[in-house]
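I have placed the structure first, in the form of structure tokens, so that the comments after it can refer back to it.
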Amino acid sequence: FDGPIRVFHSVKVEYYAPSDSCGMGGMHREVIHANPNYGGSCRFDTVFVSVGDEAEAMNGLLVAQVWLLFSYFDPYHSKDVPCALVTWFIHPSDNPERDKDTGMWK
């Protein structure tokens, strides 16, 4: 690969969250930051990433911290490819449970 790589410090995302009644029919818009100098300090946001079936652990979601947002041009498909460099936070249990009082994963 010898093409240019474009780096971004933030990206606007739109996603569907059916369990949250905020927004139009569960649709949300947010900005994800991966900025080494955000107002004098760094900001690397944490995100949920859908990786599978909701019947799986944590409803098919994994947690990741975003370190870099970038894109490159794929000459074979003639389009920009958006990418993110992340650190995955893997739950230590293969079958995590939710706390019955708080609903948080334990």
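What to note about this one:
- Inside the stretch 35-89, residues that are open to solvent by 90 Å² or more (accessible area, probe 1.4 Å), closer than 18 Å to ARG6 by Cβ and within 18 Å of the chain's Cα centre (by Cα) make up a count of 3.
- Residue list for the stretch 7-34, filter: surrounded by 12 or more Cβ atoms within 10 Å (Cβ to Cβ) and modelled with pLDDT of 95 or more: PHE8, HIS9, SER10, VAL11, ILE32, HIS33, ALA34
The values are calculated or read from the model by the stated rules, or taken from the named source; none is laboratory data. On a predicted model such as this, the values are computed, not experimentally measured, just so you know. Cβ: placed from backbone, ideal geometry, glycine included. Neighbour counts: every protein chain shown. Accessible surface areas use protein heavy atoms only, side chains included; no ligands, DNA or RNA. Shrake-Rupley method; radii C 1.70, N 1.55, O 1.52, S 1.80 Å.
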